[in-house]
Amino acid sequence: MKKILVPRIEIHYCTQCRFILRATWIAQELLMTFAEKIGEIALIPSSGGEFIIFCDSKKIFSRKEKGRFPESKELKQLIRDEIDPSRSLGHSDE
């Protein structure tokens, strides 16, 4: 049996609001940036306008709390700070 690597990123998205495209785009961005550091990305259907991102069960971003969606750069910085704080993100750090 294969051991699941950490960290696990969860993207909870509202199916009623059709946030699936944004969720898959964010997942792709994170996989391209942190391919060797992420053990798993899970897309989790939800409702009620949710768009929440967790890293190892820690809430990283909530659309409802912030009143907006995360910017790609911002989200990469938040994830980096959790999983690999010493890593440079190049242009995303500027």
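Within region 73-92, residues that are of a type in the set (V, I, T) sit with their Cβ atoms under 9 Å from residues that are surrounded by fewer than 15 Cβ atoms within 10 Å (Cβ to Cβ), at 6+ positions apart or across chains, in these pairs: I83/V6; I83/D56.
Can you tell me which residues in region 41-67 are charged (D, E, K, R) and on the phi > 0 side of the Ramachandran plot? Write out each step before concluding.
To start, the set of residues in region 41-67 that are charged (D, E, K, R) comprises 50, 56, 58-59, 63-66.
Once the filter is applied, which keeps residues that are charged (D, E, K, R) and on the phi > 0 side of the Ramachandran plot, region 41-67 yields only D56.
Counting only residues that are free of Cβ contacts under 8 Å to residues at least 40 places away in the same chain, outside any helix (DSSP H, G or I) and under 13 Å from the mean Cα position of the chain (by Cα), region 13-34 holds 1 of them.
Before we move on, is E65 surrounded by 14 or more Cβ atoms within 10 Å (Cβ to Cβ), of a type in the set (D, E) and at pLDDT 95 or above?
Values: surrounded by 14 or more Cβ atoms within 10 Å (Cβ to Cβ): no; of a type in the set (D, E): yes; at pLDDT 95 or above: yes.
So E65 does not fit the description; no.
Going residue by residue through region 15-28, is there one that turns out to be of a type in the set (F, W, Y) and touching a Gly at 6+ places or on another chain (Cβ under 9 Å)?
Yes, because at least one residue in region 15-28 is of a type in the set (F, W, Y) and touching a Gly at 6+ places or on another chain (Cβ under 9 Å).
Return yes or no: is I38 over 19 Å from T15 (Cα atoms), under 11 Å from the mean Cα position of the chain (by Cα) and touching a residue at least 40 places away in the same chain (Cβ under 8 Å)? Yes, satisfied. Among the conditions (1) surrounded by 18 or more Cβ atoms within 10 Å (Cβ to Cβ); (2) among the aliphatic types (A, V, I, L, M); (3) over 11 Å from I11 (Cα atoms), I53 misses just one, which is (3).
Taking (1) modelled with pLDDT under 95; (2) outside any loop (DSSP other than H, G, I, E, B); (3) hydrophobic (A, V, I, L, M, F, W, C) in turn, I38 satisfies each apart from (2).
The values are calculated or read from the model by the stated rules, or taken from the named source; none is laboratory data. Given the structure is predicted, the values throughout are model-derived calculations rather than measurements. Because the Cβ atoms are built from the backbone with ideal geometry, glycine has one as well, and the counts that use them run over all protein chains shown.
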